[in-house]
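Peer 1: Before we start, here is the structure in question, set down as structure tokens.
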Amino acid sequence: MIPVLGLVVGIVLGLVLSPEVPVWIAPYLPIAVIAALDAVFGAVRASLEGIFNDRVFVISFLSNVVVAALIVFLGNQLGVGAQLSTGVVVVLGLRIFSNVAVIRRHLLGA
Amino acid sequence: MAARSTRSPRVRRRPVNPGPTPEEARRRLSRMSQLRFNRGQVLASALTVLLGVALVAQVRSADEAGLGQLRQSELVALLDDASTRVDALQREVVELEGDREQLQGQQGDAAAAEAARQRLESYEILAGTVPVEGPGIVVFVNDPGGVVTQTMLLDGIQELRDAGAEAIQIGTTRVIASSFVGTDPDGRVSLDGNALTQPLRILAVGEPHTLSGAMAIPGGFTDSLRGAGATVEVTEQDTLLIDAVRTVGEPRYAQPVPAAEEP
């Protein structure tokens, strides 16, 4: 429950403070956010299956974000940043979709 | 991700145990809604707070979507687009300015219009589409016996034209380029299919002396008509009005040959 509240608090904070995105982080932020969302949906699914684990969540969250940023960075260095970003977004999007589908099946049985 | 790493052993057992039933899942969901403070939960919450802030910040900056968000290659493409467009527009500006100067530079514009107007006027007079007035002669022909022939009338018209008549009206019919002299079924002389009624009045605009002289040529129009038994009376007038007009139809067969291009 607290993580959900945390998400709400974060959104409110963001709306209130409306922080400027630092320039150096700007290319990585979108991918990092999507990677984090993937981790969050995975966590919700794990909770419903009764196998949620705080430690695993924290580690997967951080590693997701770091790996996503790393891929974007690597892509930019190789000159295929746009394509690689698209690929990462597609993969993460697929995972989010499948996680949501599982959550839906768990909750609604359909 | 959390699910993935700890679930992997379960995934293999899945055919045996196909996940929680909806009742179990909902029970777990409601259990999740209880507040439980421990280090892991707080840490996870800290991460989700960060996620929320980042989410909003990203959405905000994507809304602004300034050029600052774009990559170098995209910026170069944009710049390329913009400069191509600028080039095209500048070419258009040059073309249009040239056009404008050409149009403004035509000093003889008014003169050309005046010349065109005058040319139109003379064409209208020639074609007989407008009434005209001016000096000229009136020829009265009294021919009760019907002795005037086509040839005589044609000769008369020809002599008037020869003398410089600019507009001719015979009876109520304007004589134009396509006019013809014929006879109607009763044998009377007709002009353009209109039978001429007696007494015949011929109006011609032109230099009056020349015209009357042309009529009086020995063996000419007056002579031949008088010889045949008709009376002819020619009067010179300073102004006379020719009010018979024609409408010009579109030529059906004759097409102008395009003028050769001037080099």
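Peer 1: Could you pull out the residue among A:Leu37, A:Leu94 that is within 15 Å of the chain's Cα centre (by Cα) and within 8 Å of another protein chain (Cβ to nearest Cβ)?
Peer 2: Answer to the selection: A:Leu37.
Peer 1: Give the residues of the stretch A:3-32 that are out of contact with any Ser or Thr (no Cβ under 7 Å at 6 or more places or on another chain), more than 24 Å from B:Ser33 (Cα to Cα) and β-branched (Val, Ile, Thr), sorted by residue number.
Peer 2: Correct list: A:Val16, A:Val23, A:Ile25.
Peer 1: Examine the stretch B:212-221 for a residue that is among the aliphatic types (A, V, I, L, M) and in contact (Cβ under 8 Å) with a residue 60 or more places away in the chain, and state whether such a residue exists.
Peer 2: Taking every residue of the stretch B:212-221 in turn, at least one turns out to be among the aliphatic types (A, V, I, L, M) and in contact (Cβ under 8 Å) with a residue 60 or more places away in the chain.
Peer 1: Does at least one position in the stretch B:132-152 carry a residue that is crowded, with 16+ Cβ neighbours inside 10 Å, within 30 Å of B:Asp223 (Cβ to Cβ) and among the acidic types (Asp, Glu)?
Peer 2: Scanning the stretch B:132-152 turns up at least one residue that is crowded, with 16+ Cβ neighbours inside 10 Å, within 30 Å of B:Asp223 (Cβ to Cβ) and among the acidic types (Asp, Glu).
Peer 1: Please go through the stretch A:14-62 and pick out each residue that is among the hydroxyl-bearing types (Ser, Thr, Tyr) and crowded, with 24+ Cβ neighbours inside 10 Å.
Peer 2: Matches in the stretch A:14-62: A:Ser60 only.
Peer 1: Just to check your reading of the model, which residue among B:Gly98, B:Gly40 is modelled with pLDDT of 70 or more, part of a helix (DSSP H, G or I) and within 14 Å of chain A (Cβ to nearest Cβ)?
Peer 2: Testing whether each residue is modelled with pLDDT of 70 or more, part of a helix (DSSP H, G or I) and within 14 Å of chain A (Cβ to nearest Cβ) leaves just B:Gly40.
Peer 1: Now for a separate question. Take the conditions under 28 Å from A:Gly109 (Cβ atoms), at the interface with another protein chain (Cβ under 7 Å from one of its Cβ atoms) and among the charged types (D, E, K, R) and apply them to A:Arg45. Does it pass?
Peer 2: So A:Arg45 passes the test.
Peer 1: Moving on. For B:Asp63, state whether it is part of a helix (DSSP H, G or I), out of contact with any Cys (no Cβ under 6 Å at 6 or more places or on another chain) and within 12 Å of another protein chain (Cβ to nearest Cβ).
Peer 2: It is true that B:Asp63 is part of a helix (DSSP H, G or I), out of contact with any Cys (no Cβ under 6 Å at 6 or more places or on another chain) and within 12 Å of another protein chain (Cβ to nearest Cβ).
Peer 1: Has the stretch B:156-172 got at least one residue that is in a strand (DSSP E or B), hydroxyl-bearing (Ser, Thr, Tyr) and farther than 18 Å from B:Asp223 by Cα?
Peer 2: no
Peer 1: While we're on this one: Give just the number: which of (1) touching a residue at least 12 places away in the same chain (Cβ under 8 Å); (2) at the interface with another protein chain (Cβ under 10 Å from one of its Cβ atoms) does A:Gly50 not satisfy?
Peer 2: (1)
Peer 1: Return yes or no: is A:Leu7 in a helix (DSSP H, G or I) and either more than 7 Å from chain B (Cβ to nearest Cβ) or closer than 24 Å to B:Arg28 by Cα (or both)?
Peer 2: Yes: the conditions hold for A:Leu7.
Peer 1: State yes or no: is A:Ile71 more than 9 Å from every other protein chain (Cβ to nearest Cβ), under 21 Å from B:Thr48 (Cβ atoms) and in contact (Cβ under 8 Å) with a residue 12 or more places away in the chain?
Peer 2: No: the conditions fail for A:Ile71.
Peer 1: Just wondering, is there one or more residues in the stretch B:136-145 that are charged (D, E, K, R) and modelled with pLDDT under 85?
Peer 2: Yes, the stretch B:136-145 contains at least one residue that is charged (D, E, K, R) and modelled with pLDDT under 85.
Peer 1: Based on what the data block shows, is A:Gly42 on the phi < 0 side of the Ramachandran plot and in contact (Cβ under 8 Å) with a residue 40 or more places away in the chain?
Peer 2: When the stated conditions are applied, A:Gly42 passes them.
The values are calculated or read from the model by the stated rules, or taken from the named source; none is laboratory data. Nothing here was measured: the structure is a model prediction, and the numbers come from that model. Don't worry about glycine lacking a Cβ; one is built from the backbone with ideal geometry, like all the others, and counts go over all protein chains shown.
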